[in-house]
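**Student:** Have a look at this one before I ask anything.
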Amino acid sequence: MRKAIVLLMIMAIAGSAAAAVDLGNTQSVPSKAPGTTNGYFDDYDEVCPYSGSTSPDVVYSYTAAADMFISVDLCGSTYDTKTYIYDSLGALVACDDDFYGSGGPCGNWVSLIESAAVMAGETYFIVIDGYGGAFGDYTLEVREYEPPPPPEPCPLVCDP
């Protein structure tokens, strides 16, 4: 009986974690593409560092081909964006709200996640959101790059 209860609890936790991430309207992530949050629902909000978003969000899935880093850039978006990366269990990997600030060529209060570590074969979910109730057109660019090689080992005595 104990095993059955534990198994049911694990299934319930796994099911709720997957349901929290996969909305059923998840799209595969392009390397660079325009999109809009207009007409979508508000399902997500993270504190990075602001909370209280009531903006509609769009979800993309991304499966890493190798252990690497990715950047998620919304430069060129027309509204105050927020973006998040979740792992396949719904755990937050990274988030950003206002990387670009105001008055720059990328737009006002636009998001950029730099150097998020991803693992080969794992599926991640990239959420495009907005601050407050902001929504509109965005430009999503995902860049992949390998981690830098580890530093050369220092000989027994290192020169300063």
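The values are calculated or read from the model by the stated rules, or taken from the named source; none is laboratory data. Owing to the predicted nature of the structure, the values given are computational and were not obtained by experimental measurement. Reconstructed Cβ throughout: ideal geometry from the backbone, glycine too, with neighbour counts over all protein chains shown. The accessibility values were calculated without ligands, DNA or RNA, using every heavy atom of the protein model including side chains. Shrake-Rupley method; radii C 1.70, N 1.55, O 1.52, S 1.80 Å.
**Student:** Would you please name the residue that is modelled with the highest pLDDT, looking only at residues in the stretch 18-48 that are farther than 23 Å from E144 by Cβ and in a helix (DSSP H, G or I)?
**Tutor:** A20
**Student:** How many residues, within the stretch 31-59, are crowded, with 16+ Cβ neighbours inside 10 Å and among the acidic types (D, E)?
**Tutor:** 3
**Student:** Being open to solvent by 30 Å² or more (accessible area, probe 1.4 Å) and at pLDDT 95 or above is true for just one of E114, E122. Which residue is that?
**Tutor:** That would be E122, the only listed residue that is open to solvent by 30 Å² or more (accessible area, probe 1.4 Å) and at pLDDT 95 or above.
**Student:** I've got another one for you. Answer yes or no as to whether S51 is free of Cβ contacts under 8 Å to residues at least 24 places away in the same chain, out of contact with any Gly (no Cβ under 9 Å at 6 or more places or on another chain) and farther than 17 Å from V110 by Cβ.
**Tutor:** yes
**Student:** Another question about this same structure. When G130 is evaluated against the numbered criteria (1) open to solvent by 20 Å² or more (accessible area, probe 1.4 Å); (2) closer than 20 Å to T54 by Cα, which criterion, by number, is the only one it fails?
**Tutor:** Exception for G130: condition (1).
**Student:** Under 7 Å between Cβ atoms, which residue pairs at least 6 apart in sequence (or on different chains) link something in the stretch 110-127 that is farther than 16 Å from T63 by Cα with a partner that is assigned to a loop (DSSP other than H, G, I, E, B) and of a type in the set (F, W, Y)?
**Tutor:** What qualifies is V110/F99; V110/Y100; S111/F99; L112/F99; L112/Y100.
**Student:** Taking the options A66, A91, name whichever one is at pLDDT 95 or above and among the small types (G, A, S).
**Tutor:** None of the other options fit; the residue is A91.
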